[in-house]
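This report refers to the structure that appears directly beneath it.
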Amino acid sequence: MGTSKVFVSGNEAAAIGVKLARAHVISAYPITPQTVVVERLSEMVEAGELKAEFIHVESEHSAMSAAMGASAVGARAFTATSSQGLLYMAECLHYASGGRFPIVMMNANRSLALPWSIYGDQRDSLSLLDSGWLQVYVEDAQESLDMMIQAYAIAEHKEVLTPVMVNLDGFVLTHTYELVEVPRQEDVDEFLPPFDTENKLDFENPKNMCFSSSPSDNMEFKYQQHKAALKASEVIKKVDQSYREKFGRGYGGLVDGYRCDDAEIILITLGSITGTCRVVVDELRSQGKKVGVLKIRFMRPFPEKEILDITRGAKVIGVLEKDISFGYEGTVYTNVNSALIKSGRIIKSYNFIAGLGGRDISREDIKYMYEYLEQAASGAEKECVKFINLGVDTDGE
Amino acid sequence: MIEIRWHGRGGQGSFTASRILGAAASLYGNKYSLAFPSFGPERRGAPITAFTKIDDTKIRDRSEIKHCDYIVVLDETLFTPSFFQDLKPGGRILINTAWGERYKEISQDLIVTFDAEAIAQEILGKPVTNTAMIGALLGISEIIPIEAGAEGINNEFSPILAEKNIRVLKKAYEMIKGGGYA
Amino acid sequence: MGNETKKINARNITDKEFFYGHKGCAGCGGSLAVRLALKVLGERTYTVLPAGCMSAVGFVYPQLCFSTNAMISTFAGTASMLSGIAAGARALGIKDFHAVGIAGDGGTADIGIQALSGAIDRNEQIIYICYDNEAYMNTGIQKSGLTPFGARTTTTPAGQNIHGSITQKKNMFEIAAAHGISYAATASIGYAQDFMNKLVKAKEVKGTSYIHVYAPCPTGWGTPEDITVELGKEVVDTGLWYLAEYENGSFKLNKNPEEFLPVEEFLRKQGRFRHLDEKDIAQIIESRDKKWEYIRKNWEVA
Amino acid sequence: MHKPELKQYEKPKHINDYPCGPAALAGTLVAKNAGWRTKRPIIHKEKCAGCYLCYLYCPEGTIFKEDKKINFDYDFCKGCGICSKVCAHKAIEMIKEGENGN
């Protein structure tokens, strides 16, 4: 195939993906643990490997505003951020999706202040689930590279025209080095043609963009945006399929079920923790336990059908997430349960809140979750929302 | 799976060592590996830990290393006897020191000492011991062939720096093989 | 620069109207600034306007009043969106274009100052115009960083205890200049020719240019619709505003009145100043005189 | 004069008739502003010197040049009266809407 292999971090893999996607404009503001991706991109621009304009913006708000400006003239735009930075650009996220700008952004999942923490959890991106962006969570550096390319193909699809946020777990993925296969530029060029859109400021055909609309039309624009995000489900699957055909790697589209076919206990996850779950599933399977793990890749569009399909035979479901919607439960859990309820299926489900503020989630922790679910399946009374690995006693409280 | 933990101070190249070994194993040693630093802010002089996981199949588990096959100590002031609790059965601790005898008193079989700084000073002209310690580690472990280790260095450094560091690597490897360590 | 640039005037300016059919208040000074700027800059212009009067009156689907490429930016992001447009167009090989941002006083001096500062720092090839009507007019006349001392707004009411705004205007012109910007200027819609001359310069400057144009607002100021231009002249003639430029690292005053028109008369025309007492007016005059003393001493005077 | 043309607007009947996102052809006018006016400017051509100051200072751009003098686009003039004020020759008079049979 003429591909090459490199030993790089998740951040670096993302940067290589962006280079291969031939982004025209990169605007970014530094924040740990995102920094390396933009450092590498600026090196690529300096070295002339990447013909792009690099804008050293003064804030994340400006990073996304600049990306929208670039996208508005028909350029392929990229930015990357994390945590507080993502929240600082929150206004712009809604703006970009509403403006139908097919920007791709990498987000290094990191906890939110307060207390301050630079370590990983997924509260940043999940708190912006309603921003109109498609959200994908990747598991390793290879998927990170591949998704940068796929993300542009999805975002720029004429029936989607919606920005895509590619989420990498902070440090665990962004800072971990591993083997990555780099596709050939020619192949990527064939897979991802230049960005072509009519939705742009054009001197031949001038436009007024990002306009206001009164209550008599506004809802139609929102409905249209919703339809496009739903439409993305199909496009994501197609893009994944054709990526597999071209590069030999695919990720299952919206979800990736592992040993779920006959599983009675299924743990649902997001992102890089899935890897550890796979290892535990193998171990438990070797002990004869019917367990599986279901990785949600896309939180938006939400893989409702796929989740129902894969969990069809399950007796109990667990949702493991590095997130909590204070005063209720994890957001992924809420979404999963909504899918189950709408389908009319009654199935016990439990929510494991783990890894907040960067706390490690070990194999033992995951084994504990499967045991918990097993006990629940056999009728034991269990708390629905369970914090994993709290370092203190909370009983009787 | 072989799990290695590296100890040094910010600026001494511990994370680079973990990465060189990982790259060597992945790109040239026909294995899979993960290399990662202790997560958090990087500050010059602060104690740093780094990790390398090496296996024959793709490594899915990204959680912290709890038990190590090898603990490599680039800066001996960071060594504490608590390290023994972090070893797998049969695991060993490799320490960069000019005073090997001191550690013999602590443990005869769990600690291997090696004067990496002497080699680094001799060939590089500065006390950067990470490549010497990789050489010593490969000498006692044979995780991957020494030639793969050399390629790992080529992958990391510019040609001139790589050439010197490969000399360091090989010298350390041969010395420890020949039992010529402190 | 020193290049001989062709002057644009009422006779030779393009007949084309690029900001037409908008829903601005009758007699709006801001819309005059936008209209003139676009006519000088011409068809190959990308215009960015943040939230504010000009975007609110120009972009109400399906009535779209900019005949050239234009978009609304985030409130804080005029200069950064503009930077993105310029970078994107360059990356795509588009040539001979202008990228202009037109923001109000709040959008410039308050919420947009960070992005503006960043863009000037990068010396982006953009033109940034602040039409200054001295308060947040679009939201209903609240105090901004450019509201002058004594002005009544809906958030600086004039009562027994406090007589309107107690702060001075931020000095945006000199803030822009302090970046070492390629070109900065002040203007007033009351002196249209001067404003157009400055736009022509901004068009040709390499790097960022900033034009701060004084734009009376009949609605927010409590003035008749037909005296907008008159007020725009008088503010300069009373010395409460000045026409100046900053280029090649130095300041230049373009108009140096020998005698100022009476301040009080000018202020009393405006509802927002009607409550001022003698002391307040004396204070306004005093700070004007201080400024002019500084200008005449330190700047090149035409 | 060069100004965008007034178009007939039909509210879309199908969702696909809306533009894809909030972007559409620049300079689309579907409604006049004439209804805003309580007074209208009229030009006394015999007094007009063709200096075009009124044209320059009109915030709406609704004054256009005609035979070296000026005229108004009454569809969009809001009747603010700036033109009348800036005219040094007193060639523009503001009259009440409805006066003179208008």
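The values are calculated or read from the model by the stated rules, or taken from the named source; none is laboratory data. Since we're looking at a predicted model, the values are computed, not measured. Reconstructed Cβ throughout: ideal geometry from the backbone, glycine too, with neighbour counts over all protein chains shown. Surface areas here come from the heavy atoms of the whole protein model, side chains and all, with no ligands, DNA or RNA. Shrake-Rupley method; radii C 1.70, N 1.55, O 1.52, S 1.80 Å.
Criterion first (buried (at least 21 other Cβ atoms within 10 Å of the Cβ), at pLDDT 95 or above and either within 13 Å of chain A (Cβ to nearest Cβ) or more than 23 Å from A:Gly120 (Cα to Cα) (or both)) does B:Arg19 satisfy it? Taking the combined requirement at face value, the residue satisfies it.
Kindly indicate the residue of segment A:18-47 that is part of a loop (DSSP other than H, G, I, E, B) and away from chain C (no Cβ under 14 Å) and also surrounded by the most Cβ atoms within 10 Å (Cβ to Cβ) among those meeting that condition.
Going residue by residue through segment A:18-47, those that are part of a loop (DSSP other than H, G, I, E, B) are A:21-24, A:29-34, A:47.
Applying the additional criterion that residues be away from chain C (no Cβ under 14 Å) yields A:31-34, A:47.
Working: A:Ile31: 21, A:Thr32: 21, A:Pro33: 27, A:Gln34: 30, A:Ala47: 8.
Among those residues, the one meeting the criterion is A:Gln34.
Find the residue count for segment C:71-110, including only residues that are in contact with a strand residue (DSSP E or B) (Cβ under 8 Å, 6 or more places away or on another chain) and surrounded by fewer than 24 Cβ atoms within 10 Å (Cβ to Cβ).
Number satisfying all stated conditions: 6.
I want to confirm something. Restricting to segment A:278-293 and keeping residues that are within 14 Å of A:Glu371 (Cβ to Cβ) and in a helix (DSSP H, G or I), which single residue is farthest from the other protein chains (Cβ to nearest Cβ)? Checking each candidate, the answer is A:Leu284.
When segment A:368-397 is filtered for residues that are surrounded by fewer than 14 Cβ atoms within 10 Å (Cβ to Cβ) and assigned to a helix (DSSP H, G or I), the ones remaining, listed by number, are A:Glu371, A:Gln375.
Under the condition of being open to solvent by less than 40 Å² (accessible area, probe 1.4 Å) and outside any loop (DSSP other than H, G, I, E, B), which residue from segment D:1-25 is farthest from the other protein chains (Cβ to nearest Cβ)? Selected residue: D:Ala24.
Close contacts from segment B:78-92, counting a first residue that is free of Cβ contacts under 8 Å to residues at least 60 places away in the same chain and a second that is charged (D, E, K, R), with Cβ to Cβ under 7 Å and a gap of 6+ residues or different chains, come to B:Gly91/B:Asp69. Condition first: hydroxyl-bearing (Ser, Thr, Tyr), open to solvent by 30 Å² or more (accessible area, probe 1.4 Å) and more than 14 Å from chain A (Cβ to nearest Cβ). Can you find one or more residues in segment D:54-62 that meet it? No. Looking only at segment D:26-51, residues that are out of contact with any Cys (no Cβ under 8 Å at 6 or more places or on another chain) and within 11 Å of chain A (Cβ to nearest Cβ) come to 2 in all.
Within segment A:137-153, the set of residues being touching a strand residue (DSSP E or B) at 6+ places or on another chain (Cβ under 8 Å) and surrounded by 24 or more Cβ atoms within 10 Å (Cβ to Cβ) comprises A:Tyr137, A:Val138, A:Glu139, A:Asp140, A:Ala141, A:Ser144, A:Leu145, A:Met147, A:Met148, A:Ala151, A:Tyr152. Inspect all residues belonging to segment A:319-340 and state whether any of them is buried (at least 19 other Cβ atoms within 10 Å of the Cβ) and closer than 24 Å to B:Ser33 by Cα. No, segment A:319-340 contains no residue that is buried (at least 19 other Cβ atoms within 10 Å of the Cβ) and closer than 24 Å to B:Ser33 by Cα. The set of residues in segment A:79-91 that are open to solvent by 50 Å² or more (accessible area, probe 1.4 Å) and in contact (Cβ under 8 Å) with a residue 40 or more places away in the chain comprises A:Gln84, A:Leu87. In this entry, A:Leu267 passes the filter for residues that are out of contact with any Lys or Arg (no Cβ under 9 Å at 6 or more places or on another chain) and either within 24 Å of A:Asn337 (Cβ to Cβ) or open to solvent by less than 10 Å² (accessible area, probe 1.4 Å) (or both).
Would you pick out the residues in segment D:73-95 that are assigned to a strand (DSSP E or B) and within 15 Å of D:Thr62 (Cβ to Cβ)? Answer for segment D:73-95, where residues must be assigned to a strand (DSSP E or B) and within 15 Å of D:Thr62 (Cβ to Cβ): D:Ile92, D:Met94. Helices (runs of 4 or more DSSP H) fully within segment C:27-144 that include at least 1 residues being within 7 Å of another protein chain (Cβ to nearest Cβ), farther than 29 Å from D:Lys85 by Cβ and without any contact (Cβ under 8 Å) to a residue 24 or more places away in the chain: C:78-91. Counting only strands (runs of 3 or more DSSP E) that fall entirely inside segment A:170-275 and contain at least 3 residues that are over 30 Å from B:Phe15 (Cα atoms), the qualifying elements are A:207-209, A:255-258, A:265-270. Answer yes or no as to whether A:Gly10 is touching a Lys or Arg at 6+ places or on another chain (Cβ under 6 Å), among the small types (Gly, Ala, Ser), buried (at least 24 other Cβ atoms within 10 Å of the Cβ) and in contact (Cβ under 8 Å) with a residue 12 or more places away in the chain. No, not satisfied. The condition of being open to solvent by less than 10 Å² (accessible area, probe 1.4 Å) and among the basic types (Lys, Arg) holds for only one of D:Lys78, D:Lys32, D:Lys85, that being D:Lys78.
Could you list, in sequence order, the residues of segment A:182-201 that are in contact (Cβ under 8 Å) with a residue 24 or more places away in the chain and among the charged types (D, E, K, R)? If the condition is that a residue be in contact (Cβ under 8 Å) with a residue 24 or more places away in the chain and among the charged types (D, E, K, R), then A:Arg184, A:Asp187, A:Asp189, A:Glu190, A:Asp196, A:Lys200 are the ones that fit.
Condition check ((1) closer than 29 Å to D:Tyr55 by Cα; (2) without any contact (Cβ under 8 Å) to a residue 40 or more places away in the chain) across all residues:
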| residue | (1), (2) |
| --- | --- |
| C:Gly220 | yes, no |
| C:Lys233 | yes, no |
| C:Phe260 | yes, yes |
| C:His275 | no, no |
| C:Asp280 | no, no |
| C:Ile295 | no, no |
| C:Val301 | no, no |
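All conditions in (1) in contact (Cβ under 8 Å) with a residue 40 or more places away in the chain; (2) out of contact with any Asp or Glu (no Cβ under 7 Å at 6 or more places or on another chain) hold for C:Pro157, with the sole exception of (1).
Just checking, does segment A:92-112 include any residue being open to solvent by 10 Å² or more (accessible area, probe 1.4 Å), more than 22 Å from the chain's Cα centre (by Cα) and not assigned by TED's automatic domain parsing to the domain that holds A:Phe326? Within segment A:92-112 (the criterion being open to solvent by 10 Å² or more (accessible area, probe 1.4 Å), more than 22 Å from the chain's Cα centre (by Cα) and not assigned by TED's automatic domain parsing to the domain that holds A:Phe326), the answer is no, since none of the residues qualifies. Might you check whether a residue that is open to solvent by less than 30 Å² (accessible area, probe 1.4 Å), at pLDDT 95 or above and outside any strand (DSSP E or B) occurs anywhere in segment B:34-56? So far as segment B:34-56 goes, no, none of its residues is open to solvent by less than 30 Å² (accessible area, probe 1.4 Å), at pLDDT 95 or above and outside any strand (DSSP E or B).
Answer yes if at least one residue in segment A:170-186 is away from chain B (no Cβ under 13 Å) and under 13 Å from the mean Cα position of the chain (by Cα), and no otherwise.
No, every residue in segment A:170-186 fails to be away from chain B (no Cβ under 13 Å) and under 13 Å from the mean Cα position of the chain (by Cα).
If a residue has to be over 17 Å from B:Leu21 (Cβ atoms) and at the interface with chain A (Cβ under 8 Å from one of its Cβ atoms) to count, how many in segment B:47-61 make the cut? Counting residues in segment B:47-61 that are over 17 Å from B:Leu21 (Cβ atoms) and at the interface with chain A (Cβ under 8 Å from one of its Cβ atoms) gives 2.
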